[in-house]
Structure formats: C-alpha cells, structure tokens
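*Asks:* Take a look at the following structure, please.
The values are calculated or read from the model by the stated rules, or taken from the named source; none is laboratory data. Computed from a prediction, not measured in an experiment: that's the story for all the values here. With ideal geometry, Cβ positions are generated from the backbone for all residues, glycine too; neighbour counts draw on all protein chains shown. Side chains included, ligands, DNA and RNA excluded: accessible areas come from the protein's heavy atoms. Shrake-Rupley method; radii C 1.70, N 1.55, O 1.52, S 1.80 Å.
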Amino acid sequence: MPKNLTKSYKKECFKFLDNLRASGECNMFGACTYLVDDFNLDKKDAVSCLQEWMNTKREEQLQENFELAN
C-alpha cells in the first residue's frame, strides 16, 4: 500500500470497495477506475489498494472455509 494512504483513508477505500462489490455495479477487476475517480488516487495507488483489498477478501474466505471444515 502506498505510504501516502493513511489507515483511515484505506479503511474508507475498503468500505467503498465492499459496497461496490455488493452493488454488483461492476466487475471488481475494473474497480480501479472508481478509486481513481472517487478517491483521487493515481492508477498505481488504485491498483495497489485494490490488490490489498482483494488479498484481504481472499484471506477472509480462506478463514471462513477453514472454520466450516472444522
């Protein structure tokens, strides 16, 4: 994650991405454009933020699957 994004700003971005995903408005691989437009991030920072959000979601899913299996 870029150093210029504070934890609170990143939290806002992640909440936005959660809501965007729930809305079904776009494929999440296209969400960078939304981060650029709505959060004034440059493309590199938007990609980095989206990647971190996706990694977080993957980890949450793995944890949920593990808990269901046990």
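*Asks:* If you go through the stretch 42-64 one residue at a time, do you hit one that is outside any helix (DSSP H, G or I), surrounded by 10 or more Cβ atoms within 10 Å (Cβ to Cβ) and hydrophobic (A, V, I, L, M, F, W, C)?
*Replies:* no
*Asks:* If we keep just the residues of the stretch 4-22 that are more than 16 Å from Lys57 (Cα to Cα) and in a helix (DSSP H, G or I), which is most open to solvent (accessible area, probe 1.4 Å)?
*Replies:* The selected residue is Lys7.
*Asks:* Further, regarding this structure: Looking only at the stretch 23-32, count every residue that is surrounded by 10 or more Cβ atoms within 10 Å (Cβ to Cβ) and over 24 Å from Lys7 (Cβ atoms) and tell me the total. Give the steps one after another, and end with the answer.
*Replies:* Residues of the stretch 23-32 that are surrounded by 10 or more Cβ atoms within 10 Å (Cβ to Cβ), as a first pass: 25-26, 28, 30-32.
Those left that are additionally over 24 Å from Lys7 (Cβ atoms): 25-26, 30.
The qualifying residues number 3.
*Asks:* Okay, next question. Let me confirm something: among Asn40, Asn27, which residue is of a type outside the set (Gly, Ala, Ser) and at positive phi?
*Replies:* Asn40
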